[in-house]
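None of the figures in this text is laboratory data; all of them are computed from the coordinates on show. The structure presented is a predicted model; accordingly, all values stated were derived computationally and were not measured. Because the Cβ atoms are built from the backbone with ideal geometry, glycine has one as well, and the counts that use them run over all protein chains shown.
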Amino acid sequence: MTDRQTCLPIVCIQPAIVMDYALSAGKQSMGGICLSVFFIYIFSLFIYILRNMPILDWKQSYLQMCGGSAVQRRRPVIGITGNYDNATCTLAEGYYQSVLQAGGIPFIIPPFEQTDNLKDVLDRIDGLIFSGGGDINPLLLNEQPVKELHSVCHVRDVQELLLARLAADRQIPMLGICKGIQIISAALGGELYQDIYTQMQEGTRIKHSQELDRKYPSHTVNIVAGSILHTLFRDETIAVNSFHHQAVKTPPPGFRVSAMSEDGVVEAIESSEYKSVIGVQWHPECLEESPANNGDRSTPLFRWLIGEAASFREAKRIHRRVISLDSHCDTPMFFHKNIDFASRDPQILVDLHKMTEGKLDATIMVAYLEQKERDEEALLAATAKANRILTQIEEMAARNCTLLDIAYTPADIVRLKRDGKKAIMLGIENGYAIGKDIANVEHFRRRGVVYMTLCHNGDNDLCDSAKGNGEHGGVSSFGAEVIKEMNRTGMMVDLSHAAESSFYDALEISRTPIVCSHSSARALCNHPRNLTDDQLKALARKGGVAQVTLYHGFLRTEGTATVMDAVEHLNHFVNVMGIDHVGIGTDFDGDGGVPGCASASELINFTRHLLRERYSESDIQKIWGGNFMRVMEMVQNV
Ligand SMILES: [Mn+2]
Ligand SMILES: [Zn+2]
Ligand SMILES: [Zn+2]
């Protein structure tokens, strides 16, 4: 009983306590939950930070990096020139952080005097940033220093001017920042102001050397409509920071001004030839992301550079894997001018340096014969001249035998590429070379000639020319014999320069596919030398190929033709014939070459445009000679 009595109050009290506790705790429970959620949050944040901060446990990071897929993400490598002062190379963190953020791998290039290393440096990067710094030594630009000149660093200037020139030759995407815009401009032939305050003539200057922190803008710039810069910022006016008293006076050839401040100072330049080069006078890597700053002012430029570098990297990768063959150049026309094919010779558009820079593996050099009289003596002279030019090409090849060789078959080109050598093939431009002696076909074929155009400008004994008088009404009976002999000996029949009548005749006569080594589309440019859609279709039906030429007159009837026109012509060829019947024959050194693809060194730009047009690697392989070599193989193995 006592148990029950003593028990009762407990039983009675207990519910009361529980109730009381529950009532009072009701107010606290929310706080309790909040507190525990907070601790859980802090704990998980701690775990998160631990997992995401390799510095805290590098061994753990190492294990993580060794797990998962072994596939490397191939991000573009961006070289950034370092600043140099007091025997120390430095780089402000904004540069490399911006590159990292935009998806690139930063790679600092210190200034050094061993300039023979520079080409190797450039081989290993996909994009290049010229960073800010002191003034440029005016002596390097053949000028005396004005008294307003600040400090200069000679070693750095020399190296950067060299780098900019070499990088431009290699079509490496570039971004110049502050001093960098001036370096790019000066290296490529532009003019500079050593001091805008004393040297600029018109008007007065606004303040270009701000005391504000670098992350704040201090003046605005007006962006030129239609410029790359305009597409990047989608704005006519942006606010920028400013730390300079030098500026670009005139941009180099192939460049345009893309932004100016109110007082007329050049604040940005860019390539006007569809190349990936931009220079800005401000410091985008320091500008802060803020609404006051009209949005983000740094990342568009870095994102642009990394995007261009990625495409350049992809173009280089493709050129390593596929053979690139230019089906027509007239470089031997310059052989009598004492040119040096092994050096970067400004007289010619194709040499060993330019082929290497533009990643061109092979080119077909022709013995070109101007159409002249057709009497016995003149015909013998024509044949002799063709032989002489072929000998000159052979001698040039012999002089440079460690770096290039003559290729006679597609297999030769493949072998030479594997050996790291350039391939030269032999061609004849104008069947005039045959004279009236059919035996000359076999003679030239034995010398290694892979193709011969039946004619040039003017009718000859073989056929009518696109620029002739319709003498035979197409291919002559001798011309028909020549075509059959070319079929028998394995020489490609080339109908560039031929009249339409000759074209259809030859297509009928030839047992093997025919080629047009350098011709463009009539539908886009009405020139008698260009191919109509009907011609293209007939050519493709017979398995042949037409090679777009970079000759301005065959690309556009009005205005200046550029590489974009050549791309349009190629697209048209593909639309009419399909991807298996197209290629590129530049006509370099025969007046070929257009802005954006002006020499062999710029041919990799064409590949980048093809990538932009969404051609696949296999398409590009066909365009860059795969189709042409397919026909060559077929013709040679008859
Ligand atoms: Mn400024
Ligand atoms: Zn030519
Ligand atoms: Zn020609």
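Here the sum of -39500 (n - 2.57) over DSSP H runs of 4 or more residues, divided by the residues of the chain, equals -12500 deg cm²/dmol at 222 nm, to the nearest 500. Between residue 442 and residue 320, the simple spin-label model (points 7 angstrom out along Cα→Cβ) gives 4.7 nm. Test of understanding: extend the Cα→C-beta vector of residue 88 to 7 Å, then name every residue of segment 97-126 with backbone N under 17 Å from that spot. Within reach of a label on residue 88, which here means backbone N under 17 Å from a point 7 Å along Cα→Cβ, segment 97-126 contributes 110-111. Residues 597, 153, arranged from fewest to most other Cβ atoms within 10 angstrom of their Cβ, appear as 153, 597.
The peptide list 77-83, 107-113, 323-329, 407-413, put in order of mean Cβ contacts within 10 Å with the highest first, becomes 323-329, 77-83, 407-413, 107-113.
Listed by Cβ neighbour count within 10 Å, with the fewest neighbours leading, 396, 629 appear as 396, 629. Can you compute the FRET efficiency between residue 477 and residue 191 using 1/(1 + (r/R0)^6), with r the Cβ-Cβ distance and R0 = 45 Å? Round to the nearest 0.05. With a Förster radius of 45 Å, E is 0.10.
Given their separation in residues at 0.36 nm each and the Cα-Cα distance between them, residue 373 and residue 40 gain 110.3 nm when the chain is fully extended. With neighbour counts taken as other beta-carbon atoms within 10 Å, the residues 58, 282, 624, 304 rank, fewest first, as 58, 304, 624, 282.
Of the trypsin sites (Lys or Arg not before Pro) found in segment 152-231, those that fall in a DSSP loop while having at most 14 other beta-carbon atoms within 10 Å are 207.
Where does each of 63-71, 578-586, 134-142, 527-535 land if you order them by average Cβ count within 10 Å, highest first?
In descending order of packing, they fall as 578-586, 527-535, 134-142, 63-71.
What full-extension length gain, to one decimal in nm, is calculated for residue 398 and residue 112 as 0.36 nm per residue of separation minus the Cα-Cα distance? 99.3 nm is the gain from fully extending residue 398 to residue 112. Measuring from a point 7 Å past the Cα of residue 200 along Cα-to-C-beta, which residues in segment 158-184 have an amide N at less than 19 Å? Label zone hits: 177-184.
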